[in-house]
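Scroll down for the structure; my scribbles are underneath it.
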Amino acid sequence: MSSIFIGELAGTASLIYLGNGVVANVLLKGTKGHQTGLLAIAAAWAFAVTIGIFISTYFGSSGAHLNPIVTIAGCAKSGDWSLFTTYVGGQLLGAMLGQLLVWIHYHPHYQVTEDPGAIKATFCTDPAIKSWPFNFISEAFASALIIVALGTFSTIEHGLGPFLVGILVWAVGLALGGTTGYAVNPARDLGPRIMHFILPIPHKGKSDWEYAWIPVLGPSAGALIGAYLLTLNS
């Protein structure tokens with residue numbers, strides 16, 4: 001069984017399982033990868049994107065968006081929003097499923113971790129310094145860069161697309177991720193944040209819904225900016 005919806009769901013679930021899986025490995029108490037740091041996180045997220053693209057394509061989504069900003073930019077450029085809910089619905093449910101897998105995988109470590117900040121970081125993003133205007137700008141600018149870079153990749157004839165996207169995410173994580181944790185993907189943040197609110201985890205603290213709009217609307221605004229910039233050279 002394959003379709004755009006199933007492909008986006010499967011690919012995004014894989015993305016979150018690996019991406020937030022490495023965050024859990026680094027931050028949760030008693031893991032083999034405890035405190036290995038940002039380099040490990042950024043690398044695994046990059047590889048997670050590449051692997052997610054292959055899985056998404058196999059299960060029926062040839063576009064393998066995995067991220068609402070890619071869908072938003074594509075719809076804005078084409079003017080066709082007919083498949084928007086199919087893509088984004090699969091991405092959001094896939095993100096929730098991937099986070100459920102992370103929670104099951106690291107369940108014993110969630111049980112012994114007492115730091116609510118570390119626990120929440122394995123689900124969703126949080127700014128290093130809370131400054132809503134600049135947090136929004138960080139997410140919007142990084143997301144715009146991603147859309148522009150993806151647009152340039154499409155002009156090159158090769159089969160390296162998934163690997164280039166992984167390199168892009170790696171670079172964004174290392175260069176721009178220090179402010180907000182580089183959500184740059186509304187589904188990646190919102191789906192796991194919902195799961196943080198739902199799942200029974202000791203010491204998990206609050207889900208910080210006051211901040212939750214920034215990793216949703218910031219990247220969405222960046223997607224529109226990036227799409228507009230691409231049209232200037234079309």
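The values are calculated or read from the model by the stated rules, or taken from the named source; none is laboratory data. Quantities reported herein were computed from a predicted structural model and do not represent experimental measurements. Please note: Cβ atoms are built from the backbone with ideal geometry, for glycine as well, and neighbour counts cover all protein chains shown. When the accessible area is computed, the model is the full protein with side chains, heavy atoms only, and any ligands, DNA or RNA have been set aside. Shrake-Rupley method; radii C 1.70, N 1.55, O 1.52, S 1.80 Å.
See the values below:
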quantity: Residues within segment 16-40 that are farther than 16 Å from Tyr106 by Cα and either touching a His at 6+ places or on another chain (Cβ under 8 Å) or in contact (Cβ under 8 Å) with a residue 40 or more places away in the chain (or both), tallied; calculated: 2
quantity: Residue in segment 44-58 that is part of a loop (DSSP other than H, G, I, E, B), farther than 25 Å from His203 by Cβ and either without any contact (Cβ under 8 Å) to a residue 12 or more places away in the chain or among the hydroxyl-bearing types (Ser, Thr, Tyr) (or both) present; calculated: no
quantity: Subset of segment 66-80 that is open to solvent by 60 Å² or more (accessible area, probe 1.4 Å) and in a helix (DSSP H, G or I) - its residue that is farthest from Gly151 (Cα to Cα); calculated: Ser78
quantity: Scope segment 196-220; condition at negative phi and open to solvent by 30 Å² or more (accessible area, probe 1.4 Å); matching residues; calculated: Phe197, Ile198, Pro200, Pro202, Lys204, Lys206, Trp209, Glu210, Trp213, Val216, Leu217
quantity: Number of the condition not met by Lys120 [criteria: (1) in contact with a Leu (Cβ under 7 Å, 6 or more places away or on another chain); (2) among the charged types (D, E, K, R); (3) closer than 22 Å to Ile214 by Cβ]; calculated: (1)
quantity: Residue count, segment 81-113 (criterion: farther than 20 Å from Ala187 by Cβ, without any contact (Cβ under 8 Å) to a residue 12 or more places away in the chain and not in a helix (DSSP H, G or I)); calculated: 0
quantity: Any hit, segment 21-40, residues being within 21 Å of Val184 (Cβ to Cβ), open to solvent by 20 Å² or more (accessible area, probe 1.4 Å), more than 12 Å from the chain's Cα centre (by Cα) and of a type in the set (D, E, K, R); calculated: no
quantity: Selection within segment 181-195 - under 10 Å from Phe123 (Cβ atoms) and open to solvent by 30 Å² or more (accessible area, probe 1.4 Å); calculated: Ile194
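So that you can scan it fast, the table gives a plain yes or no per residue for (1) in contact (Cβ under 8 Å) with a residue 40 or more places away in the chain; (2) closer than 15 Å to Leu66 by Cβ:
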residue	(1), (2)
Ala144	yes, no
Gly151	yes, no
Gly159	no, no
Pro162	yes, yes
Gly178	yes, no
Arg193	yes, no
Phe197	no, no
Pro219	yes, yes
Ala227	yes, no
